[in-house]
């Protein structure tokens, strides 16, 4: 099994940074991303207690259950009984019908999400690819995993049409997890700390009390650290006063692709 090496981390980040959603599915991706954002509170109910970003659970829900809250998060089987498909027999405790929350808690624990702590973009993509399997990297490295990259410019064709059966011409029709994550990032739903693997910045802007929202009138926790980070990019010249106003938000958009949450220009 691969490990999240520096080289693999750089590959994930480069693929995500240059990822473009295919125009023919852009409306579908946007609709699914909006649905995920609309269910943020429900995802937070299972994600926050174990330290997982809510949008990670949302994308899993899209990939495994088509965003249907009547289905197990594990694999999309109905909540009216234990799972039949892999992983079968989940949850092992309790009696059906299961609540979506009970099933989701079991699915996340089963896949060891509470033990995973790297929620950078590369860390998220590695966790998802690990869940789906390393068959593409091991046997068909010329094809980027469609579980991640389908519906983007990073994937064209080639897929396993069933377990162990490879087709070089088959094309995945599912929206890839990275495509959804990219659209969520473009819509401002993904935490800024997840866009960078620089620990000092991530710690500063994701620490207790951090509130990276547009507000030119008050000093935001983590605001000075964010401005210092943005000033490292060409053409960015910010006063490091911690006030996240128009100039900081514009620089933030230059680096991360969208304005700060709350910026009127993001509407």
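Below are the figures for this structure:
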read-out	value
Residue count, the range 143-167 (criterion: outside any strand (DSSP E or B), at pLDDT 95 or above and more than 22 Å from the chain's Cα centre (by Cα))	2
Unmet requirement for residue 95, which otherwise passes all of (1) within 21 Å of residue 32 (Cα to Cα); (2) in a loop (DSSP other than H, G, I, E, B)	(1)
So residue 92, is it exposed (fewer than 11 other Cβ atoms within 10 Å of the Cβ) and out of contact with any strand residue (DSSP E or B) (no Cβ under 6 Å at 6 or more places or on another chain)	yes
Number of the exception - residue 197 against (1) over 25 Å from residue 147 (Cβ atoms); (2) modelled with pLDDT under 80; (3) surrounded by fewer than 21 Cβ atoms within 10 Å (Cβ to Cβ)	(1)
Test: residue in the range 116-127 that is in a loop (DSSP other than H, G, I, E, B), at positive phi and either in the same structural domain as residue 10 (by TED's automatic domain parsing) or in contact with a strand residue (DSSP E or B) (Cβ under 6 Å, 6 or more places away or on another chain) (or both)	no
Options 178, 189, 250; residue that is in the same structural domain as residue 118 (by TED's automatic domain parsing), under 25 Å from residue 15 (Cα atoms) and modelled with pLDDT of 80 or more	178
Selection from the range 225-243 of residues that are surrounded by fewer than 17 Cβ atoms within 10 Å (Cβ to Cβ) and either at pLDDT below 85 or outside the structural domain of residue 255 (by TED's automatic domain parsing) (or both)	228, 231, 232, 233, 234, 235, 237, 239, 240
Selection within the range 172-185 - out of contact with any strand residue (DSSP E or B) (no Cβ under 9 Å at 6 or more places or on another chain) and either free of Cβ contacts under 8 Å to residues at least 24 places away in the same chain or more than 19 Å from residue 136 (Cβ to Cβ) (or both)	173, 184, 185
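The rows are residues; the columns are (1) in a helix (DSSP H, G or I); (2) surrounded by fewer than 17 Cβ atoms within 10 Å (Cβ to Cβ); (3) under 14 Å from the mean Cα position of the chain (by Cα); (4) outside the structural domain of residue 104 (by TED's automatic domain parsing).
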{"residue": "11", "(1), (2), (3), (4)": "yes, yes, no, no"}
{"residue": "27", "(1), (2), (3), (4)": "yes, yes, no, no"}
{"residue": "33", "(1), (2), (3), (4)": "yes, no, yes, no"}
{"residue": "37", "(1), (2), (3), (4)": "yes, no, yes, no"}
{"residue": "48", "(1), (2), (3), (4)": "yes, yes, no, no"}
{"residue": "68", "(1), (2), (3), (4)": "no, yes, no, no"}
{"residue": "74", "(1), (2), (3), (4)": "no, no, no, no"}
{"residue": "82", "(1), (2), (3), (4)": "no, no, no, no"}
{"residue": "85", "(1), (2), (3), (4)": "no, yes, no, no"}
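The values are calculated or read from the model by the stated rules, or taken from the named source; none is laboratory data. As the structure is a computational prediction, the values presented were derived from the model and not from experiment. Here the Cβ is made from the backbone with ideal geometry for all residues, glycine too, and neighbour counts use every protein chain on show.
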